[in-house]
1. Placing +1 at every Lys and Arg Cβ and -1 at every Asp and Glu Cβ, with all other atoms neutral, what dipole size does the stretch 26-133 have around its Cα centre, in debye to the nearest 20?
2. Under 5 Å between amide H atoms, partner at least 5 residues away or on a different chain: which partners does Arg98 have, H built in plane at 1.01 Å?
3. Treat each spin label as a single point 7 Å out from the Cα along the C-beta direction, and report the Thr119 to Asp46 distance in nm.
4. Once the mean 1/r over all distinct Cα pairs of the stretch 26-133 is inverted, what Kirkwood radius in angstroms do you read off?
5. If you add up the charges near Lys50, with Lys and Arg at +1 and Asp and Glu at -1, over every other residue whose beta carbon is less than 12 angstrom from its beta carbon, what do you get?
Amino acid sequence: MMTKLRSTVLLALVVSLSVACGGEDLEPPRRNPALLAAVEDFMTSDLARKPFKEFTDWEWDRLFLFDMDDASYERIDALVGERVSPLRAFGGLFVYFRGDKVVRVELLEEGGYCEGQYTTAAYVRKGYSCWLADDAFTPFPP
């Protein structure tokens, strides 16, 4: 009887840890200080705006941007369609897609971020609380 109870408790512990940890190893979002430095350099330049695609050197065709200061981790994963959100983070979570596949996830800890979906037509601009803009911007549903 005691062995059965111990086995049940052990199984419950393993299941709860699996659920709490997502049941899989999740690579944390990379930090990209080079991207942040490039944006900061742009901000001190004479240019009024610059295509965001020029700040990246990987292939992507759409970007989901989340403000981690206000984001719900469950909502992020639901909108993306897979688990990408870190357990704790501040700043902006950038989720890059190529087609329907996530190709890169990174965290920029400084800056002003407007949540929504951006295209490759997005550009970096000065003088606004959200430094990333896109004429084809789509906000996330409430």
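No lab work stands behind these numbers, since they all come straight from the coordinates. None of these values were measured; they are calculated from a predicted model. Cβ sites come from the backbone with ideal geometry, for glycine too, and all protein chains shown count toward neighbours.
1. 200
2. For Arg98, whose amide H was placed from the backbone, the distant partners under 5 Å are Asp61, Val103.
3. It works out to 3.1 nm between the two label points.
4. So the Kirkwood estimate lands at 14.1 Å.
5. Values: positive: Arg49, Lys53, Arg125, Lys126; negative: Asp41, Asp46, Glu54.
It works out to a net charge of +1.
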